[in-house]
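These notes are about the structure you will find just below.
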Amino acid sequence: MIRFGGDYNPEQWPSPVWAEDVGLMLRAGVNLVTVGVFSWSRLQPGPDEFDFGWLDRVLDLLGSAGIGVCLATPTASPPPWFTRLHPTAMPINHDGVRLSHGSRDTYCVNAPAYQSASLEITGRLASRYAGHDALRLWHVHNEYGTTCYCDHCAAAFRRWLAARYGDPATLNDAWSTDFWSQRVSNFDEVLPPRATQYLSNPAQLLDYRRFVSDAMLEHYRSQRALLSGAPVTTNFVLGGWVPVDHARWAREVDIVAIDDYPTTLAERAFAADLARGWARGGPWMLMEHAPSVEAREIAQPYLDRGATGILYFQWRASRGGAEQWHPAMVPHEGPDTPVFREISALGATLRDREPVAVTATSALIYDEQTMWALQSPHLPPRAEGYEATVKRWHRAFDGPVDVVPPDASLGEYDLVVAPLLYLLPAAGHRALRDYVSGGGRLVLTFDSGLVDEHCRVTPGALDDLIGARRIQHDLEPATATVLRHTPDGRPAVLENHYGGGVVRYVATDLDDLGLTLLEI
Ligand code: GAL
C-alpha cells in the first residue's frame, strides 16, 4: 500500500466541517493524515489544563472511516502561556536577540523548562493514544531546526565538547586556537559562536552545528522513548540552513520522512534519491509537499524512486494565519476545483499500488557536514555552492542513483561520484580508499579533501586515491583545482573553477561511465 494524504488541522475548523472532511478524504483516496502538528495550545490551554476531547473525536471519526492517523507531538510550537512563564526558554539568535512568541519553532531545545513541558505533553498523548485503532505512525515534533545561542546552550555545548575532546588541550589543537589568541584553559571559556567582531573560527562553527544537531536528536530520542503502539518518525526538512545531520538521524527513525518544496522535477528526483540513501534499504516517504494541478506528474519521481507514501501540506486551506495562501488539497474554493480533482485522480491511481523496489548501481555522495563546512566565512570564492554542485552531478544520471553519506558502505556500486567533498574525515577517506582499492570507480571533483573534520587544511589528502594533486589554489581571481580518478588511469574529469564561471575538461571518455556531463 502507498500512504496517501497530508497534514490535517481540524482544530482550525468547527466540528461540522470534520465530517465533510472525512467524506472528501474518502473521495480523494486519502488513507493517512497527520494530525496535531501545531495543536499544543488546544491540547494544553494552561499549565495545568488539558483538553483531549476534541482529538478523541477526530481520531474516532477518522478511524471509523478507515483513515489512518499519523499522530504528531505538538512540541514545535509551545503555547503563549509557556512563553510567559518561561521567558528564558525562548531562543536567542546569533546577534543576541531573544526571540518572542508570535510565530512557531520558538523555543530553546536545551532549556530545562522546554524539555520538561514538551515531554509532559508527549507523555500524555502517548498514554492516551498508543492503543487507538486509527494510529499508524507517530510524528515527533515538526522539522527540527531551531538554532539558539543562549546560556542553556552554552552550558550544554561545553558538556558536549568535554565529551568529544576530553581536555582543553585537545580542543585547542582541533580548533587551531593559537590563531588569533583563542586558546582556552578550561571548557568554561568556550562560547557558542555568537556575533563577534570579525570572522568566527570555522572549527567552532562546525562543531556548533554538530552540537545543535545532537542536542535536538537527544530531544527526539527522549520523546521517542515515551511513544509506543506504532512506528516513530520525524519529518526532515531539506536545505543548507537546517542544523540537522540527517544521515545520522535517519538511523533513529522507523521510516525516513522528508518534506520537499522544490521547483523542478530534477530537484524532486534528487530529494527522493537522498531519502532512499538515508533509509539504507528501509522505507521512506514524502511527508509533505505542495498540492498542485500537476500532482500526478510531481508525485512520479518520488514513486519511481521508492516512496512508500505521498503526503501534502496541507489538507484544507487555512482561512487565516501566516500560511493562509499556501496551496491545499482542498483549496479555499472547496472541492469543486482543479486541484482537488487532480489530487483525487492521483489518489485513485495509488489505490492498488505498492511501493517500487529500487536497486541503484551508482552512488552519489552527499554530506551535510561538508555543506556546513563550506558555509564557513572567508573561503576561496567558488562559482557554484555545494548543493548546486551535487545536484548538477545528480542530473548527469539517467535513473535512480543512491545519494549516500561518505561513510556509507560503497562496495556494491559500479560507480561512486563524490562532488566537492571539501571536508574529509578519516572514516570517509577510508571508505573511499577501500572502495577504490577494491576496484570501484570513483569520480571526485574540484576542491575535494581539502580539510579534515576540524577544518584544518590537509594538503595531498587524496593523493593515494587520485594519483593527481591540486596544483594551484588562488584566492584571486578564484580557485583552480585538479581532479582525477584511480591510480591506474581509468576515467577522469578535470574541472577548473573561476570566479565568473567554470571551465571543465573531460580527461577521458565519460560515455564509459554512463554519464552525461551537463553545463551549468
Ligand atoms: C513545512 C512545514 C509545514 C508548513 C509547510 C509549508 O516546512 O512543516 O508546517 O509550514 O512547510 O510552508
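Bear in mind that the values in this text are calculations on the coordinates, not laboratory data. Predicted, not measured: the structure shown is a model, and the values here were computed from it. Counting neighbours? That spans all protein chains shown, and the Cβs are built from the backbone with ideal geometry, glycine included.
How high is the relative contact order of region 36-129, in percent, counting Cα pairs under 8 Å that sit 6 or more residues apart?
This gives 28 percent for region 36-129.
Using only Cα atoms, tell me the angle between helix 338-350 and the longest principal axis of the chain; keep it within 0 to 90° and round to the nearest 10.
80
Considering every pair of different Cα atoms, what Kirkwood radius, in Å, is found for region 74-136?
Computed over Cα pairs of region 74-136, the Kirkwood hydrodynamic radius comes out at 12.9 Å.
Taking only Cα atoms, what is the 0 to 90° angle, nearest 10, from helix 295-304's long axis to the longest principal axis of the chain?
Roughly 50 degrees, rounded to the nearest 10.
Counting each DSSP H run of 4 or more residues in the chain as -39500 (n - 2.57), what helix-only mean residue ellipticity at 222 nm follows after dividing by all residues, to the nearest 500 deg cm²/dmol?
-10000 deg cm²/dmol
Before anything else, pin down the relative contact order of region 298-384: Cα pairs under 8 Å, at least 6 apart, normalised by residue count, whole percent.
Computed value for region 298-384: 25 percent relative contact order.
If the chain between Glu189 and Asp151 were fully stretched, how many nm would it gain, using 0.36 nm times the residue separation less the Cα-Cα distance?
Full-extension gain reported as 12.4 nm.
Using a 7 Å offset from the Cα along the Cα-to-Cβ direction at both Arg433 and Thr361, what is the distance between the two label points in nm, to one decimal?
Each label point lies 7 Å from its Cα, and together they span 2.9 nm.
Please report the projected area of region 1-55's Cα convex hull averaged over all directions, in nm².
Here the figure is 4.4 nm², rounded to one decimal.
Roughly speaking, what % of Cα-Cα pairs in the chain are separated by over 28 Å, rounded to a whole number?
Across the chain, Cα pairs with separations above 28 Å total 59 percent.
If pairing requires two Cys Cβ atoms under 4.7 Å apart, which cysteines of the chain are left without a partner?
When partners are defined as cysteine Cβ atoms under 4.7 Å apart, the chain leaves Cys70, Cys150, Cys153, Cys455 without one.
Once you have a ≥ b ≥ c as the square roots of the Cα gyration tensor eigenvalues for region 275-420, tell me rounded if a/c is under 1.5, and otherwise prolate or oblate according to whether a/b is larger than b/c.
Here region 275-420 falls in the oblate category.
Could you tell me the ratio Rg/Rh of region 1-117? Both radii from Cα atoms, Rh via Kirkwood.
Ratio value, two decimals: 1.06.
At Phe50 and Arg124, where each label point lies 7 Å from the Cα along Cα→Cβ, what is the point-to-point distance in nanometres?
Going by the 7 Å Cα→Cβ label model, 0.5 nm.
Starting from the Cα-Cα distance between Thr263 and Glu412, subtract it from 0.36 nm times their residue separation and give me the gain in nm to one decimal.
The span from Thr263 to Glu412 would gain 50.4 nm if fully extended.
For region 134-251, just say rounded, prolate or oblate: build the C-alpha gyration tensor, square-root its eigenvalues into a ≥ b ≥ c, call rounded for a/c under 1.5, and beyond that prolate if a/b exceeds b/c, oblate if not.
Prolate shape, in that a/c is at least 1.5 and a/b is the bigger ratio.
Count the net charge of all other residues whose Cβ sits under 9 Å from the Cβ of Gln314, scoring Lys and Arg as +1 and Asp and Glu as -1.
Surrounding charge for Gln314 is -2.
Can you give the net charge of the other residues whose Cβ lies under 12 Å from the Cβ of Asn172, counting K and R as +1 and D and E as -1?
For residues surrounding Asn172, the net value is -3.
Could I have the simple spin-label model distance between Ser41 and Asp304, label points 7 Å from Cα toward Cβ, reported in nm to one decimal?
In this crude spin-label approximation the distance works out to 4.4 nm.
Can you give the net charge of the other residues whose Cβ lies under 14 Å from the Cβ of Leu135, counting K and R as +1 and D and E as -1?
-1
Given a cut-off of under 8 Å on Cα pairs at least six residues apart, what relative contact order in percent is computed for the chain?
After rounding, I find 12 percent.
Which percent, to the nearest 5, of DSSP beta bridges fully inside the chain are antiparallel?
20
Which angle between 0 and 90 degrees, to the nearest 10, do you get for helix 386-395 versus the longest principal axis of the chain when only C-alpha atoms count?
Helix 386-395 sits at roughly 90 degrees to that axis.
Compute the length gained on full extension between Ser292 and Arg351: take 0.36 nm times their separation in residues and subtract their Cα-Cα distance, giving the result in nm to one decimal.
Full-extension gain reported as 19.3 nm.
Once you have all Cα-Cα distances for region 315-388, histogram them in 5 Å bins from zero and send the whole-percent values.
For region 315-388, the binned pair fractions read 3, 11, 12, 9, 8, 8, 14, 17, 12, 5, 1 percent.
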